[in-house]
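**Q** Before we start, here is the structure in question, set down as structure tokens.
The values are calculated or read from the model by the stated rules, or taken from the named source; none is laboratory data. Just so we're clear, the structure is a prediction, and the values are computed from it rather than from any experiment. Here Cβ is always computed from backbone atoms with ideal geometry, including for glycine, and neighbour counts include all displayed protein chains.
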Amino acid sequence: MGKPSEYGRVYAAWKDNPEDFWAEQAAQIDWFEPWTRVFDPDQGVYGRWFPGAKCNTCFNAVDRHVERGRPGQPAIIHDSPITGTKTVITYRELRDEVQALAAVLRDLGVAKGDRVMVYMPMVPEAVVAMLAAARLGAVHSVVFGGFAGNELATRIDDCHPKVIVTASCGIEPNRTVEYMPLIEHGLEEADFEPSHLVVLQRPQHEAQLKDGRDVDYRAAVDAHKQKGTLVECVPVDATDPLYILYTSGTTGQPKGVVRDNGGHMVALKWTMSAIYDIEPGEVFWAASDVGWVVGHSYIVYAPLLHGATTLMFEGKPVGTPDAGVFWRVIEEHRVAALFTAPTAIRAIKKEDPRGGLVGDYDLSCLRTLFLAGERADPDTIKWAGATLNVPVIDHWWQTETGWTIAGNPVGLGKLPVKIGSPTVPMPGYDVQVLDDEGHPVAGGTLGNIVVKLPLPPSCLPTLWNADERFRSAYLEEFPGYYKTADAGYIDDDGYLFIMARTDDIINVAGHRLSTGGMEEVIGGHPDVAECAVIGIADELKGQLPAGFLILNAGVDKDPATVEKEVVRLVREEIGPVAAFKIALAVTRLPKTRSGKILRGVMQKIADGEPYKMPATIDDPAILDEIAEVVKTRGVGAQAQKVA
Ligand code: COA
Ligand code: AMP
């Protein structure tokens with residue numbers, strides 16, 4: 001039996017006086033200078049948290065633990081079944097490495113406010129690069145290693161990084177991913193040119209460095225370590241940006257989500273005990289990638305701000321070497337809580353449906369499994385709960401927030417779990433459900449999920465250099481509220497249910513992708529006249545993208561050849577992470593009379609779900625043509641039915 005939950009009291013305390021609530025949490029952070037106001041509604045687009053305060057995130061995540069009792073405690077445990085290596089880095093060693101890389105970046109001209117791009121695999125140096133930027137008051141922008149040239153180029157042109165910190169390669173189970181050709185491709189496409197690359201050479205593949213532009217990470221860092229170069233943690237305003245993380249929007253132009261320094265630290269520190277129930281010194285494992293928001297918040301910042309040990313895993317839930325690797329890591333490193341995406345658990349369940357491999361390990365250290373990134377399906381929750389014998393906690397959040405919007409705060413005492421619901425809003429979030437006209441809907445009724453402004457600390461204050469886009473994308477449709485672009489409902493007990501996105505974002509293996517972005521790339525193929533990309537249901541990855549193409553009149557190539565070329569193009573431009581493998585040439589696309597492609601109906605057809613014939617449809621016969629293509633080509637639920 002757990003302790004009775006304090007959630008109700010804590011949420012009410014926040015609602016009563018949000019500023020007092022956050023000021024109390026802010027006492028957990030070391031500030032160089034205090035704030036003049038906890039929240040100023042007149043600054044920024046909708047207000048700013050802790051204006052006037054001076055702080056440094058690297059100091060709070062690293063130096064203060066070295067100075068105050070944790071120098072010899074592991075800060076990072078890197079476990080890499082894919083390379084067969086394990087490394088433990090103490091807080092003191094982390095401080096020394098971060099300081100040396102900060103010195104290297106400083107030598108290359110990086111100063112407060114400059115951008116540093118980080119394009120790296122899951123190695124500790126990726127965390128070091130983020131912290132080194134933070135130490136200098138610079139702004140990092142991490143790009144996930146599974147993204148390719150085009151994605152790199154749009155980000156480079158948007159944030160103008162002075163330096164890119166990268167590695168010679170990443171390692172996937174079926175191949176070594178050479179990063180330099182991808183970066184060169186990105187640089188060729190971009191208008192802006194960073195002045196330097198700092199390259200970590202990995203033994204699996206060494207990159208050719210360019211004289212004058214490229215710096216060898218290890219040699220440069222070791223030289224500063226030997227010299228004992230000191231680099232102070234540069235005081236920044238609490239409201240200054242710590243990082244920019246690009247996330248998919250409705251077009252191919254990703255949105256640069258800005259995270260500030262002060263509010264981010266305050267919110268994340270609070271979550272470690274209240275939501276995740278972790279004590280400083282314990283081992284916390286977020287099995288994600290530093291390129292995603294879960295990685296930023298829960299591989300890097302939150303565990304380190306809390307003085308916990310973060311586990312960094314370079315591998316996959318299956319195949320490195322088997323579906324027992326998560327359980328091996330938990331036992332070996334005494335992991336107290338695991339946070340991953342439901343898709344990872346589905347992958348394990350598929351390989352080891354009876355959970356037999358769990359029996360090979362002692363998992364008595366594990367207290368909770370947290371899931372996020374996509375809807376947690378009931379089968380996965382039940383299987384994980386029964387197999388691991390720990391509470392399985394779904395929680396809902398977005399890149400934009402950086403932490404849980406709705407969850408079950410285990411540290412405050414677990415609330416009853418309702419399978420299918422990420423539970424209740426966290427302090428800071430007044431979550432409401434509105435109809436399309438902006439009126440509140442009755443309990444249990446599906447609608448647009450919104451958060452009443454202001455957003456709590458850590459949430460994006462704006463998009464990078466794009467206040468107007470921030471307003472129009474998030475704040476305009478429902479004045480006074482932040483639009484989450486998720487649809488769902490709140491039940492009579494106040495539990496939230498997240499059902500679907502209201503835009504064209506799809507969720508593939510816990511990764512957020514824009515179908516609009518894929519359409520832009522496909523539309524660039526010289527033989528394609530028009531296309532529509534939809535997300536179709538997939539048992540393992542949740543959704544998979546499928547592209548329907550109309551070829552230009554007069555193209556005499558075999559349509560199958562164009563389909564293959566389009567698949568290759570998306571992989572080269574967006575990256576393998578798009579998992580774009582289904583391209584279907586069709587003669588017509590279903591549209592409304594005003595010319596809008598009926599993507600929602602196409603998706604229902606592919607998923608074998610009932611749909612209403614839209615009153616505005618131009619030619620209903622095209623829906624039958626789509627159904628026929630989907631069936632004969634063996635795609636989606638239609639294929640399964642035929643089989
Ligand atoms: N660098 C380069 N390529 C990468 C990559 C990286 N960092 N990460 C993934 N890819 C590639 C994969 O190799 C794969 O390529 P392929 O088409 O040649 O097979 C492709 O991108 C798709 O990757 P993914 O969708 O991850 O599928 P997968 O088959 O490699 O693994 C799962 C499937 C379910 C095991 C895996 O998706 C997983 O563990 N997901 C966890 C989700 C997660 O961490 N989400 C973050 C939010 S919490
Ligand atoms: P990202 O910004 O990549 O974290 O993706 C955020 C989106 O993923 C949300 O808007 C949801 O659509 C989806 N999502 C994340 N967590 C959950 C969850 N626990 N339940 C349902 N959907 C989720």
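**Q** Restricting the range 382-401 to residues that are more than 17 Å from Ala323 (Cα to Cα) and away from ligand 1 (no atom under 15 Å from the Cβ), which is surrounded by the most Cβ atoms within 10 Å (Cβ to Cβ)? First the steps, then the outcome.
**A** In the first step, residues of the range 382-401 are kept if they are more than 17 Å from Ala323 (Cα to Cα); the result is 382, 389-401.
So of that shortlist, the ones also away from ligand 1 (no atom under 15 Å from the Cβ) come out as 382, 389-391.
Details: Lys382: 12, Asn389: 11, Val390: 15, Pro391: 17.
Restricting to residues being more than 17 Å from Ala323 (Cα to Cα) and away from ligand 1 (no atom under 15 Å from the Cβ), the top hit is Pro391.
**Q** Please indicate, with yes or no, whether at least one residue in the range 516-538 is part of a loop (DSSP other than H, G, I, E, B), of a type in the set (A, V, I, L, M, F, W, C) and either buried (at least 20 other Cβ atoms within 10 Å of the Cβ) or more than 15 Å from ligand 1 (Cβ to nearest atom) (or both).
**A** No, the range 516-538 has no match at all.
**Q** Looking for something touching an Asp or Glu at 6+ places or on another chain (Cβ under 7 Å) and assigned by TED's automatic domain parsing to the domain that holds Gly510 - is there at least one such residue anywhere in the range 623-638?
**A** So far as the range 623-638 goes, yes, one or more of its residues are touching an Asp or Glu at 6+ places or on another chain (Cβ under 7 Å) and assigned by TED's automatic domain parsing to the domain that holds Gly510.
**Q** Here's something else I'd like to know. Taking Arg328 as the residue in question, decide whether it is more than 21 Å from the chain's Cα centre (by Cα) and assigned to a helix (DSSP H, G or I).
**A** Taking the combined requirement at face value, the residue satisfies it.
**Q** Hey, could you check the range 573-598 for residues that are more than 16 Å from ligand 2 (Cβ to nearest atom) and in contact with a Gly (Cβ under 9 Å, 6 or more places away or on another chain) and say which is farthest from Ala529 (Cα to Cα)?
**A** Per the stated criteria, the residue is Pro576.
**Q** Moving to a separate point now. Quick check on the range 407-424: of everything there that is hydrophobic (A, V, I, L, M, F, W, C) and over 16 Å from Arg9 (Cα atoms), which residue is surrounded by the fewest Cβ atoms within 10 Å (Cβ to Cβ)?
**A** Ile419
**Q** Continuing with this model, one more query. How many residues does the range 62-86 hold that are closer than 18 Å to Phe326 by Cβ, charged (D, E, K, R) and exposed (fewer than 15 other Cβ atoms within 10 Å of the Cβ)?
**A** The qualifying residues number 1.
**Q** Check Asp79, Asp40 and return the single one that is out of contact with any helix residue (DSSP H, G or I) (no Cβ under 9 Å at 6 or more places or on another chain) and of a type in the set (D, E, K, R). Let's see the steps before the verdict.
**A** Working: Asp79 fails: out of contact with any helix residue (DSSP H, G or I) (no Cβ under 9 Å at 6 or more places or on another chain).
Step by step, each of Asp79, Asp40 is checked, and only Asp40 is out of contact with any helix residue (DSSP H, G or I) (no Cβ under 9 Å at 6 or more places or on another chain) and of a type in the set (D, E, K, R).
**Q** A follow-up question, please. For the range 352-372, indicate whether the set of residues that are within 16 Å of ligand 2 (Cβ to nearest atom) and not in a strand (DSSP E or B) is non-empty.
**A** Taking every residue of the range 352-372 in turn, at least one turns out to be within 16 Å of ligand 2 (Cβ to nearest atom) and not in a strand (DSSP E or B).
**Q** Could you check the range 215-253 and list, in sequence order, the residues that are within 16 Å of ligand 1 (Cβ to nearest atom) and assigned to a loop (DSSP other than H, G, I, E, B)?
**A** Filtering the range 215-253 down to residues within 16 Å of ligand 1 (Cβ to nearest atom) leaves 245-248.
The answer is Ser248, and nothing else.
**Q** How many of the residues making up the range 378-400 are assigned to a loop (DSSP other than H, G, I, E, B), over 16 Å from His511 (Cα atoms) and not aliphatic (A, V, I, L, M)?
**A** Kept after step one, since they are assigned to a loop (DSSP other than H, G, I, E, B), are these residues of the range 378-400: 389-391, 395, 397-400.
Now drop any that are not over 16 Å from His511 (Cα atoms), which leaves 389-391.
Still in the running and not aliphatic (A, V, I, L, M): 389, 391.
Qualifying residue count, the range 378-400: 2.
Residues are listed down the side, and each one gets a yes or a no for (1) among the small types (Gly, Ala, Ser); (2) out of contact with any Cys (no Cβ under 7 Å at 6 or more places or on another chain); (3) at pLDDT below 95:
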{"site": "Val98", "(1), (2), (3)": "no, no, no"}
{"site": "Ala111", "(1), (2), (3)": "yes, yes, no"}
{"site": "Arg115", "(1), (2), (3)": "no, no, no"}
{"site": "Met122", "(1), (2), (3)": "no, yes, no"}
{"site": "Met130", "(1), (2), (3)": "no, yes, no"}
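**Q** Can you pull out every residue in the range 471-510 that is away from ligand 2 (no atom under 15 Å from the Cβ) and either small (Gly, Ala, Ser) or closer than 20 Å to Arg259 by Cβ (or both)?
**A** Within the range 471-510, Arg471, Ser472, Leu475, Gly480, Gly494 meet the criteria.
**Q** Among the residues of the range 269-299, how many are away from ligand 2 (no atom under 11 Å from the Cβ), aliphatic (A, V, I, L, M) and under 15 Å from the mean Cα position of the chain (by Cα)?
**A** Taking the range 269-299 and keeping what is away from ligand 2 (no atom under 11 Å from the Cβ), we get 269-287, 289-290, 298-299.
Narrowing further to those that are aliphatic (A, V, I, L, M): 272, 274-275, 278, 283, 286-287, 290, 299.
Checking the rest, the ones that are also under 15 Å from the mean Cα position of the chain (by Cα) come to 286-287, 290, 299.
So the count comes out to 4.
**Q** Continuing with this model, one more query. Of the conditions (1) under 30 Å from His439 (Cβ atoms); (2) within 16 Å of ligand 1 (Cβ to nearest atom); (3) not acidic (Asp, Glu), Tyr489 fails just one. Which one is it?
**A** (2)
**Q** Among the residues of the range 9-23, what is the count of those that are part of a helix (DSSP H, G or I) and surrounded by fewer than 14 Cβ atoms within 10 Å (Cβ to Cβ)? So that I can check it myself, show each step before the final result.
**A** Initial filter on the range 9-23 (part of a helix (DSSP H, G or I)): 9-16, 18-23.
From what's left, surrounded by fewer than 14 Cβ atoms within 10 Å (Cβ to Cβ): 9, 12, 15-16, 19-20.
The number of residues fulfilling the criteria is 6.
**Q** Cβ contacts < 7 Å: first residue not assigned by TED's automatic domain parsing to the domain that holds Ser248, restricted to the range 373-386; second residue within 13 Å of ligand 1 (Cβ to nearest atom) and part of a loop (DSSP other than H, G, I, E, B), any location; separation 6+ or different chain. Result?
**A** Within 7 Å, the pairs are Gly373/Ala341; Gly373/Gly510; Glu374/Ala341; Glu374/Gly510.
**Q** Exactly one of these conditions fails for Phe192: (1) among the hydrophobic types (A, V, I, L, M, F, W, C); (2) over 29 Å from Arg95 (Cα atoms); (3) under 24 Å from the mean Cα position of the chain (by Cα). Give me its number.
**A** Phe192 satisfies every listed condition except (3).
**Q** Same structure, new question: Is it true that Val433 is assigned to a strand (DSSP E or B), away from ligand 2 (no atom under 13 Å from the Cβ) and not assigned by TED's automatic domain parsing to the domain that holds Trp14?
**A** Yes.
**Q** With the range 255-315 as the region, which strands (runs of 3 or more DSSP E) entirely inside it contain at least 2 residues that are assigned by TED's automatic domain parsing to the domain that holds Cys233 and buried (at least 24 other Cβ atoms within 10 Å of the Cβ)? Full working, then the answer.
**A** Working: elements: 255-260, 283-286, 309-313.
Per the criteria, 255-260, 283-286.
**Q** For residues in the range 221-236 being more than 18 Å from Ala111 (Cα to Cα) and under 33 Å from the mean Cα position of the chain (by Cα), which is surrounded by the most Cβ atoms within 10 Å (Cβ to Cβ)?
**A** Lys225
**Q** Which of the residues belonging to the range 338-359 are within 22 Å of His78 (Cα to Cα) and away from ligand 1 (no atom under 14 Å from the Cβ)?
**A** Answer for the range 338-359, where residues must be within 22 Å of His78 (Cα to Cα) and away from ligand 1 (no atom under 14 Å from the Cβ): just Val358.
**Q** Out of the residues in the range 305-335 meeting the condition of being out of contact with any strand residue (DSSP E or B) (no Cβ under 6 Å at 6 or more places or on another chain) and of a type in the set (A, V, I, L, M), tell me which one is nearest to Pro280 (Cα to Cα). Walk me through it before giving the result.
**A** If we filter the range 305-335 for residues that are out of contact with any strand residue (DSSP E or B) (no Cβ under 6 Å at 6 or more places or on another chain), which is where we start, we get 305-307, 315-328, 330-332.
Filter once more, so that each one left must be of a type in the set (A, V, I, L, M): 305, 318, 323, 325, 330.
Values: Leu305: 9, Val318: 30, Ala323: 30, Val325: 25, Ile330: 18 Å.
Once the filter is applied, the top-ranked residue is Leu305.
**Q** Separate question: Given the structure, is Ile89 aliphatic (A, V, I, L, M), in a loop (DSSP other than H, G, I, E, B) and surrounded by fewer than 24 Cβ atoms within 10 Å (Cβ to Cβ)?
**A** no
**Q** Return the residues of the range 382-414 that are among the polar types (S, T, N, Q) and either in contact with a Phe, Trp or Tyr (Cβ under 7 Å, 6 or more places away or on another chain) or near ligand 2 (Cβ under 8 Å from one of its atoms) (or both); say none if nothing qualifies.
**A** Looking only at the range 382-414, we keep the residues that are among the polar types (S, T, N, Q), and these are 387, 389, 398-399, 401, 404, 408.
Answer for the range 382-414, where residues must be among the polar types (S, T, N, Q) and either in contact with a Phe, Trp or Tyr (Cβ under 7 Å, 6 or more places away or on another chain) or near ligand 2 (Cβ under 8 Å from one of its atoms) (or both): Gln398, Thr399, Thr404.
**Q** Filter the range 158-207 down to the residues that are polar (S, T, N, Q), within 16 Å of ligand 1 (Cβ to nearest atom) and not in a strand (DSSP E or B) and list them by number. Step through it out loud before you land on a result.
**A** As a first pass, look at the range 158-207 and keep what is polar (S, T, N, Q): 166, 168, 174, 176, 195, 201, 204.
Next cut, within 16 Å of ligand 1 (Cβ to nearest atom) only: 166, 168, 174, 176, 204.
Scanning the range 158-207 gives Ser168, Asn174, Gln204.
Residue-wise test of (1) surrounded by fewer than 20 Cβ atoms within 10 Å (Cβ to Cβ); (2) in a loop (DSSP other than H, G, I, E, B); (3) touching a residue at least 24 places away in the same chain (Cβ under 8 Å).
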site: Leu455; (1), (2), (3): no, yes, yes
site: Cys459; (1), (2), (3): no, yes, yes
site: Glu468; (1), (2), (3): yes, no, no
site: Ser472; (1), (2), (3): yes, no, no
site: Pro479; (1), (2), (3): yes, yes, yes
site: Lys483; (1), (2), (3): yes, no, yes
site: Asp486; (1), (2), (3): no, no, yes
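**Q** Of the numbered conditions (1) modelled with pLDDT under 95; (2) farther than 19 Å from Arg588 by Cα, Tyr495 satisfies every one except a single condition; which is it?
**A** If we test Tyr495 against (1) modelled with pLDDT under 95; (2) farther than 19 Å from Arg588 by Cα, just (1) comes out false.
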